[in-house]
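Visitor: Before anything else, here's the structure in question.
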Amino acid sequence: MSNVLKVVTIASDLHSLLTKSSPLQTRLHSVFDHAINLELDDSRLITLLDKHRQIVPLGIQFASLENLRSVEKDSKVIIEADGITIAGLSYQLDTCSAEVWDPTLPLSRKPRSADSLQNAAEQLEAFMRSKGSNGLTDLLSHIGESQEEQGMVGANLYNEFIADTLFDFIELLAASNWKAAVLQSKKIIGFGPGLTPACDDFLAAIMSVLVACDIPYAPSFNSQIVSMAAGRTTSVSLNMLTHAVEGRLPRPYQQLLAWAVFETDLDLEAIAEAAYAVGSSSGADFSFGLFCGLRILSRMDETIMEGEFA
Amino acid sequence: MIKSVIRKNAYYDSVTLMLISRELSKMPGVEEVLAGMATELNLELVENLKMVTPELDGLGPNDFFISAKFDETQTSIEALEKKFFELLNDKKSHSDGQYQPPTLSSALNHLPGANLAQISVPGKYAAAEVEDALDAGLHVMLFSDNVSIEDELRLKQKAVEKGLLMMGPDCGTAIINGVPLCFANAIRHGKIGVVGASGTGTQEVTTQLHKMGGGLSQVIGTGGRDLSEAIGGLMMIQGIEALIADPETEVIVLISKPPSPSVADKIYAIAKSSPKPVVIDFIGGNAEAIRAAGAYPCLSFEDAAAKAVALLKGEKVKDIDGINLPETELEAIIDKAVATLKPDQTDFLGLYTGGTLADEAMKYLGESFPIYSNIPLSPEMAIEHLEGVHGNICLDLGEDQFTQGRPHPMIDPQTRTEFFVSHVDEKTAVLLVDVVLGYGSHEDPAGAVADSVAEIRQRLGKVGKQIVVVASITGTELDPQDLASSTRKLEEQGILVMPSNAQAVRLADRIMQKVLKGV
């Protein structure tokens with residue numbers, strides 16, 4: 001068995017952390033077929049991935065995870081810039097041909113105009129409709145209807161339960177009623193099946209689109225959402241939301257967000273397909289959140305954006 | 001009865017949970033199952049559904065729970081829990097149950113005599129894996145799709161240079177030296193060799209020839225694009241040559257959607273020089289050109305199987321194009337079926353899990369009435385062009401547009417189950433379906449269809465209507481799902497089960513003719 005692990009990609013935030021602070025003492029938090037989470041003392045997760053999963057913030061992608069998969073939960077793992085020690089075995093990290101990937105959005109690109117944002121929302125909606133029922137996208141047909149009209153015919157149990165609350169949240173944000181929206185988020189965070197509950201993927205999209213479009217109250221709003229999330233959702237999901245506060249996203253989400261908010265020649269279908277491949281419905285839930293975020297932005301005018309956050 | 005099972009600090013990925021929740025919901029007596037992480041709001045949903053139990057007290061967002069509402073006379077929480085962990089372990093056994101080499105080279109060290117690699121990784125990584133396998137002197141079966149045509153050409157050229165097979169990409173079925181690969185049926189061993197560029201078409205031919213007493217030497221898949229201009233039929237040619245050289249093979253069958261004309265010419269030239277008889281079903285290919293090559297053109301997959309078996313037995317080769325019933329009996333069945341319909345029921349709906357079977361259906365039915373599809377025979381018949389809600393529709397539910405984020409409908413019938421609900425309505429007259437058995441397929445596809453038809457009958461019965469359902473089963477009595485019990489499940493729901501897809505299509509056509517024209 002080789003004691004060298006070939007690194008394909010490393011997130012720049014992890015790269016920086018390892019360069020400045022290693023060795024890092026962690027505990028093995030969870031093991032999946034293509035990913036392993038290591039938990040730091042401050043509850044942040046470092047994610048080891050194989051080539052079947054796309055890179056995420058604080059993530060490192062290897063050609064293969066096979067050598068690491070036999071370790072037990074809660075084992076001590078030490079990770080440093082050039083090596084990893086797991087269950088007493090040390091491996092050298094071969095980073096010579098690794099890509100260092102920045103999980104934040106490159107803000108130097110030209111942002112879309114208001115009309116173009118609306119157009120992006122329409123294209124994204126068309127894509128989601130073409131993909132059929134998947135997670136929260138069931139609710140697409142009910143956006144903009146009165147509650148009496150909604151009826152929720154054919155919706156699954158989860159969507160039926162959350163629809164009104166979610167639509168209220170969207171309306172509050174569109175009216176820049178930030179304070180009420182934060183309170184309403186308590187009724188959304190952590191809801192839905194999966195390790196990153198559907199509504200958290202939705203919120204991650206909303207938060208990151210606000211950051212990407214430089215909405216003045218986004219930083220305050222986002223940090224309050226994350227404070228609210230502590231204890232209300234899974235640790236994996238809380239990590240995702242914490243990254244999203246500053247616009248750091250898994251690569252497929254980052255690319256979809258970039259397509260949505262910047263003038264670009266990128267092909268929506270390829271990008272959105274990659275996002276949809278995340279989790280069971282996570283990618284669809286994120287896409288739905290992004291679509292709602294774009295619609296919210298198109299409804300805000302500058303006066304209302306000042307909002308009532310004081 | 002409501003009960004819960006909990007696991008503290010346990011994490012399961014969402015794809016696994018989705019599949020397992022669905023399977024648990026199907027257990028007898030189970031009314032509702034919620035499985036997930038115990039976040040505040042998820043527990044609120046449990047409360048809202050009145051499924052709270054004491055076990056859920058004190059759980060946090062990193063704890064896992066299953067809550068179930070069920071009829072305790074039919075099942076128990078222990079049975080549900082057992083099933084949950086069985087399903088979970090079944091999934092894990094693929095990775096934990098035995099040594100799984102992490103790389104191709106370690107796999108070869110583990111099994112030095114191996115000469116074939118089956119590759120199923122996401123498309124963007126597949127070419128590199130195939131390259132490594134070919135370099136190691138292995139034949140390849142590439143199940144992955146989303147491989148570029150440039151990569152496919154390069155890899156197939158390399159395979160040809162090395163005298164190897166590169167079956168795929170998107171190759172769904174093969175039987176090599178008696179070993180079924182991916183989706184394949186249990187077929188007796190014999191002297192007929194098949195080269196197929198279409199998955200379910202090949203399965204239909206092989207199961208038909210088994211039913212007719214034939215057996216298989218080899219089934220070589222090529223992938224659906226092999227007979228395109230760009231690839232030039234490299235693997236079909238390689239496959240034919242392999243079967244010609246194979247002493248066990250006495251008759252060769254070729255299956256594909258219509259090839260590009262120049263590739264067809266190459267295939268016909270090889271068929272002409274073949275010392276063994278060649279049967280060709282290119283679904284609407286040029287029958288005259290095939291005859292000119294000394295080969296045997298076919299009217300259907302069933303016809304291809306019949307011709308191959310006849311050639312093997314030295315019998316006269318004839319076209320098979322009817323329905324295996326005396327005309328009077330057939331007319332009685334049609335009259336009885338049509339009598340159950342109301343005058344405003346005039347729509348045809350085909351819901352297929354097998355793409356080539358859907359193609360075969362449309363090729364035949366399209367001559368009788370316009371038929372819209374996601375895999376249309378001509379661009380103007382694309383489903384997007386269907387005006388309004390109603391019309392004659394035939395869908396291949398295994399196409400990428402329906403399988404994103406969910407398994408192929410041959411593996412998980414849920415996609416088709418949803419289409420039964422959304423597409424069968426008061427205007428539907430005839431519903432045509434396929435049921436594909438075999439390795440790789442769902443454990444009870446016939447049961448899933450039967451359940452859906454029962455739901456349809458109940459739903460339409462409330463408005464005083466019924467529909468006619470016609471089905472065929474691609475499978476054999478040796479398949480794990482059992483052909484006889486599959487047939488019985490369908491017939492118990494009043495479904496007209498025909499012995500082949502071709503005959504099911506012809507019966508559906510006869511019934512539609514009667515519905516539309518009264519003849």
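Visitor: Would you confirm, using the coordinates I've provided, whether A:GLY83 is surrounded by 14 or more Cβ atoms within 10 Å (Cβ to Cβ), over 24 Å from A:MET207 (Cα atoms), within 14 Å of chain B (Cβ to nearest Cβ) and of a type in the set (Gly, Ala, Ser)?
Guide: On the way: surrounded by 14 or more Cβ atoms within 10 Å (Cβ to Cβ): yes; over 24 Å from A:MET207 (Cα atoms): yes; within 14 Å of chain B (Cβ to nearest Cβ): no; of a type in the set (Gly, Ala, Ser): yes.
The answer is no for A:GLY83.
Visitor: Is it the case that A:LEU238 is within 14 Å of chain B (Cβ to nearest Cβ), open to solvent by 40 Å² or more (accessible area, probe 1.4 Å) and closer than 18 Å to A:THR47 by Cβ?
Guide: Yes: the conditions hold for A:LEU238.
Visitor: Among B:ALA184, B:ALA126, which is the only one that is open to solvent by less than 10 Å² (accessible area, probe 1.4 Å) and within 14 Å of chain A (Cβ to nearest Cβ)?
Guide: Only one candidate qualifies: B:ALA126.
Visitor: Please count how many residues of segment B:9-36 are farther than 13 Å from A:GLY192 by Cα, at the interface with chain A (Cβ under 10 Å from one of its Cβ atoms) and part of a helix (DSSP H, G or I).
Guide: Going through segment B:9-36 one residue at a time, the tally reaches 4.
Visitor: Regarding A:GLY190, is this residue within 14 Å of another protein chain (Cβ to nearest Cβ), open to solvent by less than 30 Å² (accessible area, probe 1.4 Å), under 25 Å from A:ASN222 (Cα atoms) and modelled with pLDDT under 90?
Guide: Values: within 14 Å of another protein chain (Cβ to nearest Cβ): yes; open to solvent by less than 30 Å² (accessible area, probe 1.4 Å): yes; under 25 Å from A:ASN222 (Cα atoms): yes; modelled with pLDDT under 90: no.
Taking the combined requirement at face value, the residue does not satisfy it.
Visitor: Consider segment B:426-474. How many of its residues are closer than 30 Å to B:LEU209 by Cα and in contact with a strand residue (DSSP E or B) (Cβ under 7 Å, 6 or more places away or on another chain)?
Guide: 22
Visitor: Right, another one. Quick one: what pairs do we get from segment B:94-122, first residue closer than 26 Å to B:GLY172 by Cβ and more than 11 Å from chain A (Cβ to nearest Cβ), second modelled with pLDDT under 70 and open to solvent by less than 90 Å² (accessible area, probe 1.4 Å), C-beta under 7 Å, 6+ apart or different chains?
Guide: Close Cβ pairs satisfying both conditions: B:ALA107/B:PRO101.
Visitor: While we're here: Out of segment B:37-48, which residues are open to solvent by less than 70 Å² (accessible area, probe 1.4 Å), within 7 Å of another protein chain (Cβ to nearest Cβ) and over 17 Å from B:TYR12 (Cβ atoms)?
Guide: B:LEU41, B:LEU45
Visitor: Checking the conditions here, which among A:SER281, A:SER227 is free of Cβ contacts under 8 Å to residues at least 60 places away in the same chain and among the small types (Gly, Ala, Ser)?
Guide: Just a single option satisfies the conditions, and that option is A:SER227.
Visitor: Hey, among the residues in segment A:281-303 that are surrounded by fewer than 24 Cβ atoms within 10 Å (Cβ to Cβ) and not in a helix (DSSP H, G or I), which one's modelled with the lowest pLDDT?
Guide: Out of the qualifying residues, it is A:ASP301.
Visitor: Give A:ALA260, A:ALA198 a once-over and let me know the one that is more than 10 Å from chain B (Cβ to nearest Cβ), buried (at least 24 other Cβ atoms within 10 Å of the Cβ) and of a type in the set (A, V, I, L, M).
Guide: Unique residue meeting the criteria: A:ALA260.
Visitor: Something else now. Which one of the conditions (1) touching a Ser or Thr at 6+ places or on another chain (Cβ under 6 Å); (2) buried (at least 22 other Cβ atoms within 10 Å of the Cβ) does B:GLU229 fail to meet, given that it meets all the rest?
Guide: With (1) touching a Ser or Thr at 6+ places or on another chain (Cβ under 6 Å); (2) buried (at least 22 other Cβ atoms within 10 Å of the Cβ) applied to B:GLU229, the lone miss is (2).
Visitor: Out of segment A:245-280, which residues are part of a helix (DSSP H, G or I) and among the hydroxyl-bearing types (Ser, Thr, Tyr)?
Guide: Filtering segment A:245-280 down to residues part of a helix (DSSP H, G or I) leaves A:245, A:251-261, A:268-276.
Correct list: A:TYR253, A:TYR276.
Visitor: Would you confirm whether or not segment A:203-216 contains a residue that is within 14 Å of another protein chain (Cβ to nearest Cβ) and within 26 Å of B:LEU59 (Cβ to Cβ)?
Guide: Yes; the residues of segment A:203-216 include at least one that is within 14 Å of another protein chain (Cβ to nearest Cβ) and within 26 Å of B:LEU59 (Cβ to Cβ).
Visitor: Any residue in segment A:31-51 that is open to solvent by 20 Å² or more (accessible area, probe 1.4 Å) and modelled with pLDDT under 90 sitting within a Cβ distance under 8 Å of a residue that is of a type in the set (A, V, I, L, M) and part of a strand (DSSP E or B)? List the pairs, counting only those 6 or more apart or interchain.
Guide: A:HIS34/A:LEU49; A:LYS51/A:VAL8
The values are calculated or read from the model by the stated rules, or taken from the named source; none is laboratory data. For clarity, every value in this text was computed on a predicted model and none was experimentally measured. FYI the Cβ positions are ideal-geometry reconstructions off the backbone, even for glycines, and counts take in every protein chain you see. Calculation scope for accessible area: heavy atoms of the full protein, side chains included, ligands and nucleic acids excluded. Shrake-Rupley method; radii C 1.70, N 1.55, O 1.52, S 1.80 Å.
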